[in-house]
């Protein structure tokens with residue numbers, strides 16, 4: 001997320017940034033246009049036929065401008081997901097240091113999904129069409145791996161300094177992110193349900209920390 005931005009709005013919207021300066025607003029608008037163009041074209045023509053050039057043309061920018069914002073078509077497609085997961089990391093960091101790791105994670109997840117309402121039908125249709133594509137899944141795993149490392153480091157600072165702490169922090173981070181992704185995917189498949197409720201239920205399946 002760019003410096004000088006804050007996260008607002010329900011989870012289902014394809015972007016979650018509100019810049020506070022004119023230059024940042026213009027950059028965010030371009031990034032959002034590229035993201036929406038990528039989603040639309042992938043849904044219309046398939047991810048395999050999607051090109052960076054087509055995305056840039058649809059957003060009325062140059063190929064070079066696209067490269068200033070995204071390194072690949074996969075990154076453009078997953079832009080909103082990565083923004084939200086970074087927001088989640090910020091929410092965990094903002095929790096009181098007295099919160100045990102799992103409590104900090106659970107409260108952050110609840111805060112992220114609290115205002116999510118029914119997803120936009122057009123967005124939902126696009127997400128379903130591209131969901132599960134091998135190249136997108138592989139990119140998502142790699143991109144979320146970096147967030148997982150950051151989350152692990154945050155949780156490690158909340159655990160007693162013992163030899164077991166690094167592994168415990170890593171397992172907690174990986175388990176939490178996997179659970180959140182599973183609940184979100186279930187919500188995409190069953191949008192009539194509450195995302196906040198699904199996340200809460202999914203997290204409740206896990207054994208709380210001792």
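The values are calculated or read from the model by the stated rules, or taken from the named source; none is laboratory data. Note that the structure is predicted; figures quoted are calculated from it, not measured. Every residue, glycine as well, gets a Cβ built from its backbone with ideal geometry; the counts of neighbours run over all protein chains shown.
Is there a residue in segment 88-100 that is assigned to a helix (DSSP H, G or I), outside the structural domain of residue 47 (by TED's automatic domain parsing) and within 23 Å of residue 29 (Cβ to Cβ)? The answer is yes; a qualifying residue exists. Using the structure shown, decide if residue 173 is under 15 Å from the mean Cα position of the chain (by Cα), assigned to a helix (DSSP H, G or I) and either touching a residue at least 12 places away in the same chain (Cβ under 8 Å) or surrounded by fewer than 12 Cβ atoms within 10 Å (Cβ to Cβ) (or both). Judged against the criteria, residue 173 is a match. All of 50, 11, 41, 34 fail the test of being buried (at least 20 other Cβ atoms within 10 Å of the Cβ), over 16 Å from the mean Cα position of the chain (by Cα) and either assigned to a loop (DSSP other than H, G, I, E, B) or modelled with pLDDT under 90 (or both), apart from 50. Taking the criterion of being assigned to a helix (DSSP H, G or I) and over 22 Å from residue 81 (Cα atoms), the only residue of segment 176-206 that qualifies is 204.
All conditions but one from (1) surrounded by 16 or more Cβ atoms within 10 Å (Cβ to Cβ); (2) part of a helix (DSSP H, G or I); (3) touching a residue at least 40 places away in the same chain (Cβ under 8 Å) apply to residue 158; the one that does not is (2). Of all residues in segment 137-152 being without any contact (Cβ under 8 Å) to a residue 40 or more places away in the chain and surrounded by 14 or more Cβ atoms within 10 Å (Cβ to Cβ), which is farthest from the chain's Cα centre (by Cα)? If we take residues in segment 137-152 being without any contact (Cβ under 8 Å) to a residue 40 or more places away in the chain and surrounded by 14 or more Cβ atoms within 10 Å (Cβ to Cβ), then 152 is farthest from the chain's Cα centre (by Cα).
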